[in-house]
Each structure stands twice: as structure tokens, then as C-alpha cells.
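The values are calculated or read from the model by the stated rules, or taken from the named source; none is laboratory data. These numbers were taken from a predicted model, which means no experiment stands behind them. Note: ideal-geometry Cβ built from the backbone for every residue, glycine included; neighbour counts use all protein chains shown. The area values use the complete protein model at the heavy-atom level, side chains included, leaving out ligands, DNA and RNA. Shrake-Rupley method; radii C 1.70, N 1.55, O 1.52, S 1.80 Å.
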Amino acid sequence: MKKIITALFFLTTATSLFAQSGRIRIYFAGFECYRETWDDILNTDGKGDEVFFTFNFILADRNGNVKRSYEKRTSVYGDATGPFSNRISAGTCVDLFNHNMGGIKGGDKYYCNDLISEYDVADGDVLTVIPVGWEHDPIADNSISFASTIKSAYTNIAQKLAPIAIGLNIATGNLAGLVIPMTALGISKIKAGGDQGELGRPGTRPIGMEKYGDFTPLAVPLKTSDLVNITRSNTGFGNGVIGTNYNEEAVNNLRDHGNYTILFKVEFTPDPVATPANTGNTQTGNTQTNNTKTTGGVKTINMPVGSSVAGTWTGTYGTGNNNGPNFYSFRLNADGTMQVVSNTGAVIANGTYIFSNNQLSGSYTYTSSGRFSFAATLQANGAFNGTWGSNSNTSGGGNWVMSKAAANAIGNIR
């Protein structure tokens, strides 16, 4: 146990990041079923698995003092036919006549983008997310007693996670390093399934339960200084999406066999941070021309908020991993408003943006319809390199590049 804690505490990289206040949003992004749980052979509660998910949120400061807490429970996913029409249809199970598709089995996947939590965070804050999947059985709901147990441990969890979270740095994009079993914190396993685990009685139970009912929840601490890197990291589920896997065979539960990965997405909008205006004068001791400064042979960009990026930026966007060849142009105004312009100079969308610490983010809505969001980093060569997505998603659609120099590009705007 001590080795686990020590390894987590000293998991750092050479990249130094600064904490940043802002607004964090957490979205339920879906789930993947690799193996369904043991179920009633007569399917009296519907074909295959029926599942729902709970998310416990603990917002604490850098010292582990709880500032806010919240629990979100999703709808039930699975067979939504006949008497189960109040569920969300998911899964590919069929009846004896190969009809009435619905009900979850191994190999099924369900993806969504449902906002489940939103907080203002200060420098140094840590938001801990505890996702749990539940096999639903209407006879007895053991999730209620589990929720009470978790809530009573909020302070203990936050205080034990605070020093570990401070030691974490995911600049390498290793989001899996954020997932921490509660037992690694010295917190006891929870008998979350009641008698269901030991005696096989019907009842709602957590997926990931051991043979005799013990259950270890997984915690994901998100500290403010890591949030920008988290939103740009992709481990196979999309930028900013974190997967937590509960595999019952891995904990020697050879009867129930459930194996699910729960997905949630992190979105972060930093607060604007004013930086000193650059006069463009040459200073003794280093060479400074316009907004580019060279110190000790290292070239950096010094561009203040608002007017520093005000003007027309032109480039290209693409889908997937591409950043071209379609024409793409922003007109960024000093007051934080912006327009998207066509290759003929016509305004086709309006929106707002924020520029801080060489990070650009914003969103816009087309005059015809359709809202898109974006994020980018200002490179040392003075160009923006970024991503775009639909609605409030700043990624997932593709990549883009822009500079204040005209780009030779053709194509249409989304």
C-alpha cells in the first residue's frame, strides 16, 4: 500500500504547469460493455443487462477542505421494449424471433455527451469524480445505501487525495494515471451489493463487485493545473475523455463476470488573465521586436489579452486528424467578440472568444444555424494550432491552423 501511495505522489514530469481558475464541465460520455453480468435466464427484467451510472463529485481546495459536493444518477439503459419503455434503449440483444432489439451484452457500446456537472474552480482546487456502474434490478436498490456511505466519506477522500493530486502531472497525456482505487487511499472496501453478492439474491448492485459483495470504487482527481492538458489528451475515446474500467473477473468474481468501462469527458474554460502590454521597444539585455522576444536563445510570444490577437486570422480546417484543406478565418475583436468570415470576406457566424496565457478558446453560431466551439495554442511562430467541435465541444470535429498571413486555401466553411 505504501509503495502505491509513494508512486502516485511522485508521478511528475519535467513539464511545469501553472494552476488556473475557470469553469469545469463534466459530461457523461457513455460506456462500453466487454462482458455482461449474470442475469435472470428468463429475462423477466428485460433482455441482457440493464444498467445505470452514478457520479459522485467532491470539489475541494488544495488542502483537502471540501467546498462543494454533488451526486448525479443517470437513467437506466438497456431493453426499452414493452413494459420497460421508461428506459433508454441500448444494446443489441434480440428476442427468440430476432426482434425487439435492446438489452446490453458483451461487445455493445453506447456513446453520448450529457452534461452532468459544472463548477467554478479556483487555483489549486481538486475536483474528484467517482463513477460507478450499476446492474439494475427493480426488486432491491442497493445504490441508496452505497450513496450514503460514500457521502459520509467525502472529507476523508478529499483529504487523502489532495497530496496525491498535487503530485500528479499528466503533461504526457497519460489519463489512466488519474484513476485511483479507493483502497490505495487506505479507505475500506464497501459492501455495496448487500446480500446480493454473497447469496446471489436479486437486487441492484455495482459492476465490479467481488465474489462476496466487497466493492472498491475508483476515484479520479482533477486538479486545475492539469485541466488544459486533460482536455487535449486522447487515450482512444476522444480528447478529454477518461475511462474507468470495472472488471469482475479481475477481482475473482467468476460468477457475475461483468466488465464495463465508464466514460466521462472533461471540458475546461480558463478565466481570462491579463498580461502586461508589449510596447514593442528594444530593451537592454535581450532583443525584443514587436511581440516576439528572444531571451537566452529561447523564442517566446508576449501578446496581451484582447488587442494582442485582435485582427483577421486566416488558415484552414479539416476533419479527424487533419487541419486542411478547407478555408477558415476569424476576425477577433479587441472587446472579446468575433466573427467567422468566408473567403470573400463576408461575415457568416458571430461569437465570443477568450485569449489567456497563449491559449485561445471560444464559440460561434452561424447565421443560418449550427454552433461550434474551438480551442488553440499560440505557437512560437505566431500561428494558432487548434481543434474544433460541435456545440460546446472544443474538439472532436477536427484540427485547424491560422496566422495573420493569408493562406492559400480553398473549400467551404462548416
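Just a few scattered comments:
- The aspartates and glutamates within cross-link reach of Lys47, meaning a Cα-to-Cα straight distance under 15 Å and a gap of 8 or more places when in the same chain, are Glu36, Asp39, Asp79, Asp95, Asp108, Glu135, Asp137.
- Taking all protein chains together, His257, His99 sort by accessible area into His99, His257, largest first [probe 1.4 Å].
- Take Cys112: with every protein chain present and a 1.4 Å probe, its accessible area is about 30 Å².
- Candidate residues Lys223, Lys160: accessible-area rank, largest first, probe 1.4 Å: Lys160, Lys223
- Cα coordinate range in the stretch 42-130, projected on the principal axes (Å, largest first): 58, 22, 19
- In this simple spin-label model, placing a label point 7 Å from the Cα along the Cα-to-Cβ direction at both Ser21 and Phe97 gives a separation of 6.3 nm.
- Accessible surface of Lys404 - all protein chains present, 1.4 Å probe, nearest 10 Å²: 110 Å²
- Listed values for the stretch 47-54 are Karplus-derived 3J(HN,Hα) couplings in whole Hz (6.51 cos²θ - 1.76 cosθ + 1.60, θ = phi - 60°), namely 6, x, 7, 10, 9, 9, 9, 10, and x replaces Gly and Pro.
- Counting only aspartates and glutamates at least 8 places from Lys67 when in the same chain, those with an alpha carbon closer than 17 Å to its own are Glu118, Asp120, Asp123, Asp125.
- Centre separation in Å (Cα based) which lies between the stretch 66-106 and the stretch 353-400: 34 Å
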